[in-house]
Amino acid sequence: MSGACDPAFSAVAEAFAANVADGLELGASLSISVDGRNVVDLWDGHLDAARTVPWERDSLVCVFSCTKGVVAIATMWAVARGLVDLDAPVATYWPEFAAEGKERLPVRWLLTHEAGLPAVAERMPFGSLSDWEAMTTALAAQRPWWEPGTAHGYHGVTFGHLIGEVLRRATGRTVGEIIHTELAAPLGVDLAMPLPALGPRGSARCSASRPLSLG
């Protein structure tokens, strides 16, 4: 295990090391701040199943659904500047979205997972989740799986496409570009959406200095 840990949090460090030693984690990082002070900054294990590539302090990590929070912040940036109204129908910005009775569905319900669009009923080709045009076209045409606004359902793989297309239509920029220009670069945050191109050794490094986008 590498890194630093305030002695008051030694039990955290021990539990973290045990997870890796016991095989519960192949590799991991852990950072904890209290009152603005970093009290735990640890990393351990490996990046590959063969355990040939050690986990480093700056290893690239996929943050999965944590990106939803970042996309929501980007949406609030657009709201604060009057570019998006949370209570306006999605179709105000994305006219094709009005299909199948969705003409009144507000932007707000995309953020709260109440839109009824957690999946696409149409059978899509393999790799479609990475095809922005294919996904947004399918979601615009999709009938909600439940009456929007009456229930919640985690939009695990459609959240980014739904909110991202609203932002793209409203601002002329992809959500990734907004995140890079308005959030990551000014704050010095090392975040890439999507990943930058592979480097000469086949590895990618996150860098807020690279253009970002989701589509």
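The values are calculated or read from the model by the stated rules, or taken from the named source; none is laboratory data. This one's a predicted model, so the numbers in the text were calculated from it and none came from an experiment. Cβ coordinates were reconstructed from backbone atoms using ideal geometry, including for glycine residues, and neighbour counts include every protein chain displayed.
Side notes on the structure shown:
- Taking region 1-97 and the helices (runs of 4 or more DSSP H) fully enclosed by it, the elements with 1 or more residues that are surrounded by 13 or more Cβ atoms within 10 Å (Cβ to Cβ) and touching a Gly at 6+ places or on another chain (Cβ under 9 Å) are at 10-21, 66-80.
- Residue check, residue 110 part of a helix (DSSP H, G or I), assigned by TED's automatic domain parsing to the domain that holds residue 143 and closer than 13 Å to residue 149 by Cα: yes
- Any hit, region 124-136, residues being closer than 20 Å to residue 67 by Cα, buried (at least 19 other Cβ atoms within 10 Å of the Cβ) and in the same structural domain as residue 72 (by TED's automatic domain parsing): yes
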